[in-house]
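J.: Have a look at this one before I ask anything.
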Amino acid sequence: MPKRYTPEMAVDLRVPSELALSPDGSQIIYRVEPIGQRTTNRTSTIFVVPADGSVPPRALTGSDHNNISATWSPDGATIAFLSDRSERGTQQVHVIPAAGGEPLRLTELNRGVSQPAFAPDGRSIAFIAQRRALAGEADPSQEIRVESELGRPRGMAHVPVVGGPPRPIGPMTSHVWSFAFSPDGKTIAAFVSDTEELAGSWDNARLVITAVDGSNERELLRMNGFPGKLTWFDDGRRLAVIGSVADNPYATNVYLVDVVSGQVTVLDDRGMTPNAVLTVDRDLLVHSVETQHTRIDRYDPGTDTWEPVSLGPQLADAWVEARGGWDARAGTLTVLGAFADHPANVYAGPLDGDLTCLTDLNPHVRDVDLSAMEPIEWQSSDGLAIHGWLMLPPGADPAARYPLVAAIHGGPSWQWGSWFHGTWHDWGQLLTARGYAVFMPNPRGSTGRGAEFSGVNHHDFGGGDFDDIMTGIDMLIERGVADPDRLGICGWSFGGFMAAWAVGHTDRFKASIAGAACINWVSKIGTTDIRPFDERDVGAVNTDPDRPWKHSPLRYAGKATTPTLMLHGQADVRVPVTQATEFYNALKAAGVATDMVSYPRQDHAFHERAFQLDLLQRLIDWLERYLGPGEAAAES
């Protein structure tokens, strides 16, 4: 009898990330961590594997600590990485011979460091650390919390590879978000802002260049939102970065910046969403999402032409996750590839050649009966074409109707793609294993279709996007897939908002699960770490408080009848747990069947295995209680 996918399998997945090729392209380092951590503090392991797959991967570090951000020295002989082996939860720079050996710790700074990078001459390693720590100052010891004194801006420093005291480099003021050395090592490009608060970077992420000693600072560009990684061209004259200069921070483009003249060239998004860039000789590799699939293109700035990059037959139907790490050096390309029926693995091969799989990170799902993902398309009420995915239970009867669960993605500037939907956060495989059909829409506001589509739900959360979801459900009912009397809805973050919004606007759903849900935009904007982003989306509280209140599920709680489960992390600063409390109390007062479960130490993304497992089981139990068991669950 085929094995059914279970919550235990989901929380035992191993996730790869942070791929980096050696300078000669022959070796790959990457990080692997369990998706469900068995301890309070995270653990992860750094591996190295030949790019040709001639020998199996070997562990470069142990697995008892959190080992991250590995990077190669220019000669490929040494690897720098961060580890909390000296103090759990606090990352410090370590170096280790690429051939293996005992790591040497190079830093011991209060609150740790981030983003290690070798200088191009290989003699020192740069990183980002608190300016207060770099100045030898301790944090205030008082227990009293003074908000205006909590600022801890981070700056750059470097340390010799043989050890020694850290010395400041790069921008001497402001908070440094990210940086990159020029190829000759004489210049540093960095994104800075006046404060380390995410809200402070809303329209204040400044791209600056300085000499290594911090002199001659010049501003080249100012962006909104969260600019991507800085990438130098080999000529040392130009930089590439993905970000936005528009009022819509989700309207991302590739920007080419001439550091000498200051000229900025904006590449056409081609109706897609660019995610990451790499430089190859004089060209640029651009990873994008096109509708709900990934692609990589090579762009020639000299001729302003694009050419698709083939990854070979093994990755023909894969979701290539560049944000999890990719690299191209010396004619070799390495990426992470995932499929609807298998989680991500590391692939490598010649650039514009056939890439092959180098890892087998999750063999425990190989013989499990899993669901395929069918791409679907329908028209919303206003005629706009909307895309999404349908997953049916393994071995589904094409003539049967199934209880349908609409799973709504977060963001909303994100999308459901053809990766493996079987984690604590992505529930497709778990729900189809219980006999439910799963509908995963990419409504307006999703990424993958260019700037206009990602911004079309501006000041309209719960409007056109909700209609996109409901018309998709209607299409699946008309198609004979969904049982109209057994509909459920669930989601996380923005998806949780939509699950909560739905119960106040329709009685069609028999069950709702709202995870990390935005419930009251007025109080959420007042307590979140991304206030300007939220106000851009739903309205400014100080000047137009009625607009965010209009888009708040809490306003409509008195109309709800659908049993609703709230799931939330107690340490969530993006969507504070009080959001769930407000809705739980409102639904309870309205006489609606409801419950709220919150989890200690978990922020917007859960990391502890026990809590992930509890969350998944409660999700399944809630659906089976109020939506009724799916066919597979009823037969088991």
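The values are calculated or read from the model by the stated rules, or taken from the named source; none is laboratory data. Treat the numbers as computed from the prediction; the structure is a model and nothing was measured. No Cβ is skipped: glycine too gets one built from the backbone with ideal geometry, and neighbour counts run over all protein chains shown.
J.: Consider only pairs whose beta carbons are under 7 Å apart and that are at least six residues apart or on different chains; among these, list those whose first residue lies in the stretch 566-595 and is within 12 Å of GLY496 (Cβ to Cβ) and touching a residue at least 12 places away in the same chain (Cβ under 8 Å) and whose second residue is charged (D, E, K, R) and crowded, with 23+ Cβ neighbours inside 10 Å.
T.: These pairs meet every condition: VAL575/LYS524; GLN579/LYS524.
J.: Hey, LEU476 hits all of (1) buried (at least 20 other Cβ atoms within 10 Å of the Cβ); (2) in a strand (DSSP E or B) but one; which does it fall short on?
T.: Going through the list (1) buried (at least 20 other Cβ atoms within 10 Å of the Cβ); (2) in a strand (DSSP E or B), LEU476 breaks only (2).
J.: Restricted to the stretch 519-563, and to residues that are among the small types (Gly, Ala, Ser) and part of a loop (DSSP other than H, G, I, E, B), which residue is farthest from ARG508 (Cα to Cα)?
T.: Looking at residues that are among the small types (Gly, Ala, Ser) and part of a loop (DSSP other than H, G, I, E, B), I get ALA540.
J.: Go through the stretch 219-242 and give me each residue that's surrounded by 21 or more Cβ atoms within 10 Å (Cβ to Cβ) and on the phi > 0 side of the Ramachandran plot.
T.: Listed by number, the list holds a single entry, GLY225.
J.: Quick one: how many residues across the stretch 582-636 are assigned to a loop (DSSP other than H, G, I, E, B), among the polar types (S, T, N, Q) and surrounded by 18 or more Cβ atoms within 10 Å (Cβ to Cβ)?
T.: Number of matching residues: 1.
J.: Is it the case, given these coordinates, that VAL575 is among the aliphatic types (A, V, I, L, M) and assigned to a loop (DSSP other than H, G, I, E, B)?
T.: So VAL575 passes the test.
J.: Another question, if that's okay. Name, by its number, the condition in (1) free of Cβ contacts under 8 Å to residues at least 12 places away in the same chain; (2) out of contact with any Lys or Arg (no Cβ under 8 Å at 6 or more places or on another chain) that does not hold for ALA540.
T.: If we test ALA540 against (1) free of Cβ contacts under 8 Å to residues at least 12 places away in the same chain; (2) out of contact with any Lys or Arg (no Cβ under 8 Å at 6 or more places or on another chain), just (2) comes out false.
J.: Any chance the stretch 427-448 includes a residue that's surrounded by fewer than 21 Cβ atoms within 10 Å (Cβ to Cβ) and assigned by TED's automatic domain parsing to the domain that holds TRP622?
T.: No, the stretch 427-448 has no match at all.
J.: For the stretch 3-58, please list each of the strands (runs of 3 or more DSSP E) lying entirely inside it that holds at least 1 residues being touching a Phe, Trp or Tyr at 6+ places or on another chain (Cβ under 7 Å), touching a residue at least 60 places away in the same chain (Cβ under 8 Å) and among the aliphatic types (A, V, I, L, M).
T.: Fully inside the stretch 3-58 and qualifying: 14-21, 27-34.
J.: Mind checking whether some residue in the stretch 151-173 is touching a residue at least 60 places away in the same chain (Cβ under 8 Å), in contact with a Ser or Thr (Cβ under 9 Å, 6 or more places away or on another chain), part of a loop (DSSP other than H, G, I, E, B) and not aromatic (Phe, Trp, Tyr)?
T.: yes
J.: Also: Would you mind finding the one in ALA117, ALA138 that is at pLDDT 90 or above and either surrounded by 12 or more Cβ atoms within 10 Å (Cβ to Cβ) or more than 30 Å from the chain's Cα centre (by Cα) (or both)?
T.: Selected residue: ALA117, the only one of ALA117, ALA138 that is at pLDDT 90 or above and either surrounded by 12 or more Cβ atoms within 10 Å (Cβ to Cβ) or more than 30 Å from the chain's Cα centre (by Cα) (or both).
J.: Would you pick out the residues in the stretch 352-372 that are touching a residue at least 40 places away in the same chain (Cβ under 8 Å) and outside any loop (DSSP other than H, G, I, E, B)?
T.: THR356, CYS357, HIS364, VAL365, VAL368, ASP369
J.: Pick out the one residue from SER73, SER83 that is without any contact (Cβ under 8 Å) to a residue 40 or more places away in the chain, within 23 Å of LEU19 (Cβ to Cβ) and in the same structural domain as ARG323 (by TED's automatic domain parsing).
T.: SER83
J.: So which strands (runs of 3 or more DSSP E) stay within the stretch 176-234 end to end and still have 2 or more residues that are closer than 22 Å to VAL260 by Cβ, without any contact (Cβ under 8 Å) to a residue 12 or more places away in the chain and of a type in the set (S, T, N, Q)?
T.: By residue number, no strands (runs of 3 or more DSSP E) qualify.
J.: Next question, about the same structure. What residue, among those in the stretch 286-322 that are charged (D, E, K, R) and either part of a loop (DSSP other than H, G, I, E, B) or touching a strand residue (DSSP E or B) at 6+ places or on another chain (Cβ under 6 Å) (or both), is surrounded by the most Cβ atoms within 10 Å (Cβ to Cβ)?
T.: Checked the stretch 286-322; the qualifying residue surrounded by the most Cβ atoms within 10 Å (Cβ to Cβ) is GLU321.
J.: Another one. Filter the stretch 476-494 for residues that are on the phi < 0 side of the Ramachandran plot and over 30 Å from the mean Cα position of the chain (by Cα) and give the result.
T.: Answer for the stretch 476-494, where residues must be on the phi < 0 side of the Ramachandran plot and over 30 Å from the mean Cα position of the chain (by Cα): ILE477, GLU478, ARG479, VAL481, ALA482, ASP483, PRO484, ASP485, ARG486.
J.: Answer yes or no as to whether GLN617 is touching a residue at least 40 places away in the same chain (Cβ under 8 Å), polar (S, T, N, Q) and touching a Pro at 6+ places or on another chain (Cβ under 7 Å).
T.: In short, yes.
J.: Quickly run through the stretch 502-524 and pick out the residues that are buried (at least 24 other Cβ atoms within 10 Å of the Cβ), more than 18 Å from ASP474 (Cα to Cα) and hydrophobic (A, V, I, L, M, F, W, C).
T.: Listed by number, the residues that qualify are ILE513, ALA514, ALA516, ALA517, CYS518, ILE519, TRP521.
J.: If you don't mind, another one. Here are GLY349, GLY337: which of them is more than 22 Å from the chain's Cα centre (by Cα), assigned to a strand (DSSP E or B) and assigned by TED's automatic domain parsing to the domain that holds GLU8?
T.: Unique residue meeting the criteria: GLY349.
J.: Can you go through ALA580, ALA610, ALA605 and tell me which one is farther than 25 Å from GLY488 by Cα, in the same structural domain as GLY491 (by TED's automatic domain parsing), among the small types (Gly, Ala, Ser) and under 25 Å from the mean Cα position of the chain (by Cα)?
T.: Residue meeting the stated conditions: ALA610.
J.: Here's something else I'd like to know. Looking at (1) assigned to a helix (DSSP H, G or I); (2) among the polar types (S, T, N, Q); (3) in contact with a helix residue (DSSP H, G or I) (Cβ under 7 Å, 6 or more places away or on another chain), which is the only condition GLN429 fails?
T.: So the condition that GLN429 fails would be (3).
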